[in-house]
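Before anything else, here's the structure in question.
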Amino acid sequence: YFTCLKMLSETVGKMPIKFYAKGRKEAEPNSAFYLLKYRPNPQMTPTTFWTAVENNRNHFGNGYVWIQRKISRNGSENMGLWIMQSDCVTPIYDNTGIFGGQGKIYYQYTDPLDGEMYVFPEMDVLHFKTSMTLDGLTGIPVRDMLGDVVEGASQSQQYMSNLYKGGMTASMALQYSGEIDESRIKLLQKKYDKYLSGPKNAGKIVPVPAGMQLQPLNYKLTDAQFFELKKYTALQIAGAFGVKPNQINDYEKSSYANSEMQQLSFLVDTMLFPLKQYEEELTYKLYIGTDKSCKFNEKAILRTDSKTQMEILAQGVQNGMRKVNEARELLDLPRDPDGDVLLMNGNFIPVKMAGEQYKKGETSA
């Protein structure tokens, strides 16, 4: 469960955000640009910020971010983005207009530090949900969908922990003849617990008084298919998150050759939904009334080996799809003064001109 949380949150955290204006041109920097690219608030970097938001979204079903704005004569300016603890937020649908906007959504937030309660309008809160939602307003946590599975996994882990603490020693029955009072039984239990429990006593010889015999109550993990069941449980949890088996260290059906394909599958099947949701919510509430938009750069997690990367960039530059400076930026190289021009092979001609070069001596009427 925590491996899946770590995988999803770190994937979102390491993807930079790009900003576009109409026509897919790079947008001019503004207050939202600086918050998303450099510092959402004084305490967090963008990486830490988005990692925390994604953890809240998956663990609680909903991630909330308050947009701190400053209203001036020139309009509103985004001053900061602050994470709201998901278990302290209650979305409210105002169907009667109590807060002044009938049919609108408000967010009630109780600050866990000072106990103060705040109510924010919908446009001041970024709200990110899991894909499992029945009303479209709030998401259902993955742990609620997998309640029995997660509880069983927790109990199995606790069982293993108790075995390790006991030195992997099975329970034993002490056989004896005759009558022994309760006080004597407690003394014997205390004595053998001292000799038998704990990893420090593993493999030691235990003295047994004459007339008594220790009989182990063997319960083999292999007989119960304990590890097979545990593995199946892990795959169930990973499947609910959309995480691939190789990402939770199950390499039975993985190889180095198909690792890049698995990464692409993870992006398309798992990450595309939350990323699209992030982009839509950020564009709608941070770029109100503009033609600007923001987009996560998913290519950050699809990087190939150096040779393949150079071949792809070279083909893009030679065929006029990338500028030289765009390719250099992806390689973390400085820009060149002459590198903002699209290049093309001079042998290429428009389709409608195909065959023109073979016509000789023809003159137009």
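Can you find even one residue in the range 230-238 that is outside any helix (DSSP H, G or I), among the charged types (D, E, K, R) and at pLDDT below 80?
no
Which one is modelled with the highest pLDDT among residues in the range 260-305 that are among the polar types (S, T, N, Q) and more than 22 Å from residue 244 (Cα to Cα)?
My answer is 283.
With the range 106-203 as the region, which helices (runs of 4 or more DSSP H) entirely inside it contain at least 3 residues that are modelled with pLDDT of 65 or more, more than 17 Å from residue 89 (Cβ to Cβ) and out of contact with any helix residue (DSSP H, G or I) (no Cβ under 6 Å at 6 or more places or on another chain)?
Counting at least 3 such residues, we get 147-165, 182-196.
The values are calculated or read from the model by the stated rules, or taken from the named source; none is laboratory data. These numbers come from a predicted model, not from an experiment. Quick reminder, even Gly has a Cβ in these numbers, built from the backbone with ideal geometry, and neighbours come from all protein chains shown.
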